[in-house]
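Taking it in order: structure first as structure tokens, then the write-up.
The values are calculated or read from the model by the stated rules, or taken from the named source; none is laboratory data. Predicted model only: the values in this text are computed from it and were never measured. We place every Cβ from the backbone using ideal geometry, glycine too, and count neighbours over all the protein chains shown.
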């Protein structure tokens, strides 16, 4: 991270182990990547939600989650709650269920 401090888990630049000089037309591909399953990435402007009142059938305006790298689903829920609390003054209850 010292070489490229703006790197994130979803967008990064890397330094190759040695210098390559290619001539002509080349197609380069990624051979292997390892991504921890504990990270959920939310790209800016791509993940939205609405609140629907099932009794009246009304739907809130669409809310967009902020861009952020999450370490668990709980931080996504926290971001959703922050948006709902700022807009409507309420907080949704959350409960983690373990097992099958």
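It is to be established whether one or more residues within the range 64-75 are under 15 Å from residue 91 (Cα atoms) and without any contact (Cβ under 8 Å) to a residue 40 or more places away in the chain. Give the derivation first.
So in the range 64-75, the residues under 15 Å from residue 91 (Cα atoms) come out as 74-75.
In the following step, the residues that additionally are without any contact (Cβ under 8 Å) to a residue 40 or more places away in the chain were identified as 74-75.
Checked the range 64-75: at least one residue is under 15 Å from residue 91 (Cα atoms) and without any contact (Cβ under 8 Å) to a residue 40 or more places away in the chain.
Let's see how each residue does on (1) on the phi > 0 side of the Ramachandran plot; (2) at pLDDT below 80; (3) not in a loop (DSSP other than H, G, I, E, B):
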| position | (1), (2), (3) |
| --- | --- |
| 19 | no, no, no |
| 24 | yes, no, no |
| 41 | no, yes, yes |
| 56 | no, no, no |
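Quick grid of which residues meet (1) in a loop (DSSP other than H, G, I, E, B); (2) at pLDDT below 80; (3) surrounded by 10 or more Cβ atoms within 10 Å (Cβ to Cβ):
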| residue | (1), (2), (3) |
| --- | --- |
| 6 | yes, no, no |
| 13 | yes, no, no |
| 35 | yes, yes, no |
| 80 | no, no, yes |
| 85 | no, no, yes |
| 99 | yes, yes, no |
